[in-house]
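What follows is one structure encoded as structure tokens, with my remarks underneath.
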Amino acid sequence: MRLRERSSGAAPADQQAVIDIGSNTVRLVIYGGPPRAPVELLNEKVAAKLGKGVAEDGKLSEKAMASALAALGRYAALLRARGITRVHTVATAATRDATNGAAFLELVTALGLAPRLITGEEEALASAAGVAGAFPKARGVVADLGGGSLELVHIAGTQYEHGSSLPLGTLRLPAMRSEGAAKFKRKVEKLIEGTGSRCGPGETLYLVGGSLRALARYHQHMIGSPIDDPHGLAMEPQALLTLCRKLQRNAVMPGVPGVSPTRLAALPDTAALLAALIATTKPEHVVFSGWGLREGLIFNNLPAAQRRADPFAAGVRAFAEPLGASPAVAAMIAGWTAAVVGSSDYDQENLRLSATILAIASQQIEPNLRSVTVLDWALHKRWIGIGGAGRAMLAACLLANVNREVPVDIELLAKPEEIRQAVGWGLSIRLCRRLTGLAPQLFSNAKLVAKDGQLVLSLAPAIAPLATEVVEKDLKLLADHLALKPVIRRDAL
């Protein structure tokens, strides 16, 4: 039975899978959750190194094929057992370039899978789709580095076309670099220039692929970043070039949590390629993306309306609602506090609303674990659509909501005014929830405004008894933060 057909034990409707038969690894990822922000339910890979033999003699080696087929047989059995019928199986550069690639795909088909051999351009465009899904406002060049090839494509939001594929995968780089640094640089830059891939004014180079993410994770580890997810890491090109030059000189890499020894050993080669890529595309900014080809395949299959949705908001809502957080109540809180801490900036308001939803969800956490948990949510959960500064603001807001100080290392991720703004969000959420107990019917009987140097909380007679000493303290915390004088006016509405 082909896995594209329906099996007897149907999986939940939101579950689908991608099998990526790459040049370096063969991977299965099962996704669930909201279509706009899918969550990985299972992620398995085998380093079959199909591209190694192709780089040496143009053929997939027997050993590599055996390793890949064993993994694919397991994946097929798992998917049948879980009843998952929506399966995207794609083969990329190694299979595409191998003289025995077609014969290998016949063996894959015999396992019950329906593999699709995609062209270099299709691979590039799928990676660009993944970046578009993760960064809706993306503008610049997407570079996806795999084991067998480097894909390049220009992106402008959800517009991406004319992708290019170059024989510059990580499995090919050692032999190329053995010919000398100068010759390597000239060859790589000439190949990239031939694609016309170059960033315009203000545009960004988006980096995709396990080797590039390993480089980003190495950087995070070495600088002691509180964030260990490289997705969304932004670096200035000159700082990244400095790192690349350092890595090219390193013979031995220190251990990095979450990065395999194989990836670490390949960092000098990856850094050499990246340096040439930056020099040729000339970006004003560089951003690492955890989303690429696999997520792009899913994103491309979404209806247009879902593709336009915000991935961060969708992810937060799906995560927080099972924890008892009502988006409707969160919107009421955000509206109630808008006159004091609101903003006309859409992105900031979206972040504030999402932080409010998570603040409500955090009330379901045991009190002595709450501050640790919300910090973990902000810094370590895979959120799509925000970077380091957004995570720092999320952490500052959630910590202020539980009356905790923002750690120094978090403050280094964002501008001081951004941290201050987010603390104001958290303190205002704290005041609102402690005044109303999150009872929606009470919101219209209270009003919070900043006027004439005062932070004024006005209450209708019916709820005046709610303003006890606890509420007075919370009002003072927020007022002090805003450099205002706290005032409570009872019987004022």
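The values are calculated or read from the model by the stated rules, or taken from the named source; none is laboratory data. Quantities reported herein were computed from a predicted structural model and do not represent experimental measurements. Note that we place each Cβ from the backbone using ideal geometry, even for glycine, and neighbour counts take in every protein chain shown. The accessibility values were calculated without ligands, DNA or RNA, using every heavy atom of the protein model including side chains. Shrake-Rupley method; radii C 1.70, N 1.55, O 1.52, S 1.80 Å.
Say we look at the range 310-344 and pick out the residues that are touching a Leu at 6+ places or on another chain (Cβ under 9 Å) and not in a helix (DSSP H, G or I); which of these is most open to solvent (accessible area, probe 1.4 Å)? Checked the range 310-344; the qualifying residue most open to solvent (accessible area, probe 1.4 Å) is SER326. Contact map, the range 390-408: residues that are farther than 13 Å from GLY424 by Cβ and among the hydrophobic types (A, V, I, L, M, F, W, C) paired with residues that are open to solvent by 10 Å² or more (accessible area, probe 1.4 Å) and not in a helix (DSSP H, G or I), Cβ distance under 6 Å, separation 6+ or inter-chain. Pairs shown: ALA392/LEU413; ALA392/ALA414.
Just so you know, in the range 233-248 the residues that are without any contact (Cβ under 8 Å) to a residue 60 or more places away in the chain and of a type in the set (A, V, I, L, M, F, W, C) include one that is surrounded by the fewest Cβ atoms within 10 Å (Cβ to Cβ), and it is ALA239. Taking the criterion of being open to solvent by 10 Å² or more (accessible area, probe 1.4 Å) and either closer than 15 Å to ALA334 by Cβ or of a type outside the set (Gly, Ala, Ser) (or both), the residues of the range 447-462 that qualify are LYS447, VAL449, LYS451, ASP452, GLN454, PRO461. The helices (runs of 4 or more DSSP H) found entirely in the range 40-120 that carry 3 or more residues being open to solvent by less than 10 Å² (accessible area, probe 1.4 Å) and within 30 Å of GLY315 (Cβ to Cβ) are 62-82. Inside the range 372-389, residues that are free of Cβ contacts under 8 Å to residues at least 60 places away in the same chain and open to solvent by less than 30 Å² (accessible area, probe 1.4 Å) make up a count of 3.
Taking the criterion of being among the β-branched types (Val, Ile, Thr) and open to solvent by less than 10 Å² (accessible area, probe 1.4 Å), the residues of the range 126-176 that qualify are VAL131, VAL141, VAL142, VAL153, ILE155.
Restricting the first member to the range 469-483 and to residues that are within 17 Å of THR436 (Cβ to Cβ), and the second to residues that are among the polar types (S, T, N, Q) and open to solvent by less than 70 Å² (accessible area, probe 1.4 Å), the beta-carbon pairs closer than 6 Å and six or more apart or on different chains are LEU478/SER428.
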